[in-house]
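Colleague: Below: one structure in structure tokens.
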Amino acid sequence: MTSTDAPAAIAPAPPVLAEVVRSGFTEGHHRGSLVLLAADGSVERTLGDPDAPVFPRSSNKPMQAAAILRAGLELSGERLALAAASHSGEPFHLELVAKMLAEHGLSAADLQTPPDLPLHPVAAEAYLAAGNVRERITMNCSGKHAAMLAVCVRNGWDTATYLDPAHPLQLLVGQVVAEAAGEPVAAVGTDGCGAPLMAIGLTGLARAFRSFVLAEPGSAERRVADAMRAHPEYVAGTRRPDTWLMTEVPGTLSKMGAEAVQAVALADGRALAFKIDDGSVRALGPVLARALELLGVDAPVVSRIGRAPLLGGAAEVGEIRAKF
């Protein structure tokens with residue numbers, strides 16, 4: 001750098017969304033960005049940069065499921081909820097994925113998900129105790145992949161390349177994501193399950209969830225939202241915050257994503273989306289609970305979601321708590 005060159009601008013650090021407090025001592029922070037939308041869709045509050053593109057990870061699954069419906073696959077009820085799921089790998093999840101595949105002349109061998117254990121630790125322990133090993137069908141995205149394969153069979157599309165970004169299904173997914181978010185897809189990557197992943201801003205993600213709960217009855221978007229809300233245990237599992245929230249706050253659509261992404265829309269159009277920069281899911285519950293409080297949600301489930309104790313030995317000695 002010469003004497004006339006100006007120093008490069010240093011971007012400000014994202015704000016602290018949660019702090020880690022152990023034995024009364026703050027030992028760490030989780031930073032990130034967040035947006036809250038009012039019922040009319042206007043931006044009510046922001047932290048950080050909610051317009052910067054992020055990979056929503058599995059929070060994109062409702063849009064992927066809507067694309068599958070638009071492509072002509074007839075899905076409803078638990079099957080449609082499972083198409084938008086990051087399931088825990090409990091027996092009822094795996095049984096329905098296998099049925100969905102068989103109904104279209106497919107099997108678990110057709111899945112291109114990476115072999116994995118059940119997502120939830122309790123389900124994983126039971127699975128291993130039964131003598132099982134990592135399988136493609138056990139991976140938490142297997143319901144989505146089963147639906148993607150099924151629509152390919154229905155339309156005569158190549159099933160071997162269903163994860164190619166240039167595949168007709170994936171091109172349609174990109175269109176649905178952009179339409180729902182109200183902004184163009186900023187980048188296309190590869191998700192942990194191998195499927196194409198579309199980047200949008202957090203504000204766009206919140207708008208997308210809002211558009212699903214307010215969509216016309218019978219539309220692909222509304223059908224996905226209704227199936228997820230009617231069968232939340234298939235979207236997540238029996239021990240997961242998304243299930244608790246959709247069960248206990250009627251009309252709520254909720255979906256988390258890897259790397260600590262969360263999107264929620266309430267029945268009246270209020271919505272939120274956030275991402276914790278370091279990807280730590282341990283801070284997701286406290287941040288989600290605080291965001292719900294700021295949106296005016298007053299329900300016992302909020303406290304349940306927000307509880308994140310820290311242990312010292314076998315004793316509770318601190319907590320992860322929201323800091324906004």
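The values are calculated or read from the model by the stated rules, or taken from the named source; none is laboratory data. These numbers were taken from a predicted model, which means no experiment stands behind them. Backbone-built Cβ (ideal geometry, glycine too); neighbour counts: all protein chains shown. SASA here: full protein model, heavy atoms, side chains in, ligands and nucleic acids out. Shrake-Rupley method; radii C 1.70, N 1.55, O 1.52, S 1.80 Å.
Colleague: Any residue in the stretch 192-218 that is over 14 Å from residue 38 (Cα atoms) sitting within a Cβ distance under 9 Å of a residue that is crowded, with 23+ Cβ neighbours inside 10 Å and at pLDDT below 95? List the pairs, counting only those 6 or more apart or interchain.
Modeller: Short answer, once both residue conditions are applied: none.
Colleague: Also, quick follow-up: Of everything in the stretch 160-181, what is open to solvent by less than 10 Å² (accessible area, probe 1.4 Å) and either in contact with a Cys (Cβ under 7 Å, 6 or more places away or on another chain) or aliphatic (A, V, I, L, M) (or both)? Give them in sequence order.
Modeller: If the condition is that a residue be open to solvent by less than 10 Å² (accessible area, probe 1.4 Å) and either in contact with a Cys (Cβ under 7 Å, 6 or more places away or on another chain) or aliphatic (A, V, I, L, M) (or both), then 162, 169, 173, 176, 177, 181 are the ones that fit.
Colleague: Might you check whether a residue that is modelled with pLDDT of 95 or more, open to solvent by less than 20 Å² (accessible area, probe 1.4 Å) and over 20 Å from the mean Cα position of the chain (by Cα) occurs anywhere in the stretch 250-270?
Modeller: Scanning the stretch 250-270, I find no residue that is modelled with pLDDT of 95 or more, open to solvent by less than 20 Å² (accessible area, probe 1.4 Å) and over 20 Å from the mean Cα position of the chain (by Cα), so the answer is no.
Colleague: Which residue, of 151, 264, 185, is touching a helix residue (DSSP H, G or I) at 6+ places or on another chain (Cβ under 8 Å) and under 30 Å from residue 109 (Cβ atoms)?
Modeller: Sole residue among the options that is touching a helix residue (DSSP H, G or I) at 6+ places or on another chain (Cβ under 8 Å) and under 30 Å from residue 109 (Cβ atoms): 151.
Colleague: For the stretch 181-201, enumerate the residues that are assigned to a strand (DSSP E or B), within 16 Å of the chain's Cα centre (by Cα) and either within 23 Å of residue 267 (Cβ to Cβ) or hydrophobic (A, V, I, L, M, F, W, C) (or both).
Modeller: Listed by number, the residues that qualify are 197, 198, 199, 200.
Colleague: Among the candidates 98, 126, single out the residue that is surrounded by fewer than 24 Cβ atoms within 10 Å (Cβ to Cβ), more than 18 Å from the chain's Cα centre (by Cα) and within 16 Å of residue 240 (Cβ to Cβ).
Modeller: Every option except 126 fails the conditions.
Colleague: Going by what's in this entry, would residue 184 be described as without any contact (Cβ under 8 Å) to a residue 24 or more places away in the chain and open to solvent by 20 Å² or more (accessible area, probe 1.4 Å)?
Modeller: Yes, satisfied.
Colleague: Continuing with this model, one more query. For residues that are assigned to a strand (DSSP E or B) and either free of Cβ contacts under 8 Å to residues at least 40 places away in the same chain or closer than 19 Å to residue 320 by Cβ (or both), tally how many sit in the stretch 265-289.
Modeller: 4
Colleague: Follow-up question, since we're still on this one. Go through the stretch 56-91 residue by residue and tally those that are surrounded by fewer than 22 Cβ atoms within 10 Å (Cβ to Cβ) and either among the small types (Gly, Ala, Ser) or free of Cβ contacts under 8 Å to residues at least 60 places away in the same chain (or both).
Modeller: Residues flagged as surrounded by fewer than 22 Cβ atoms within 10 Å (Cβ to Cβ) and either among the small types (Gly, Ala, Ser) or free of Cβ contacts under 8 Å to residues at least 60 places away in the same chain (or both) within the stretch 56-91 amount to 6.
Colleague: To continue, here is another question. Are any residues in the stretch 298-324 of a type in the set (A, V, I, L, M), within 23 Å of residue 213 (Cβ to Cβ) and open to solvent by 20 Å² or more (accessible area, probe 1.4 Å), and if so, which ones?
Modeller: The one that is of a type in the set (A, V, I, L, M), within 23 Å of residue 213 (Cβ to Cβ) and open to solvent by 20 Å² or more (accessible area, probe 1.4 Å): 299.
Colleague: Sort out which residues of the stretch 202-246 are among the small types (Gly, Ala, Ser), open to solvent by 30 Å² or more (accessible area, probe 1.4 Å), over 15 Å from residue 269 (Cα atoms) and in a helix (DSSP H, G or I), and write them in order of number.
Modeller: 230, the sole residue that qualifies.
Colleague: Do any residues in the stretch 14-38 that are within 24 Å of residue 200 (Cβ to Cβ) and open to solvent by 20 Å² or more (accessible area, probe 1.4 Å) have Cβ atoms under 7 Å from those of residues that are β-branched (Val, Ile, Thr) and modelled with pLDDT of 95 or more, where the two are at least six apart or on different chains, and which pairs are they?
Modeller: From the stretch 14-38, the pairs are 31/16.
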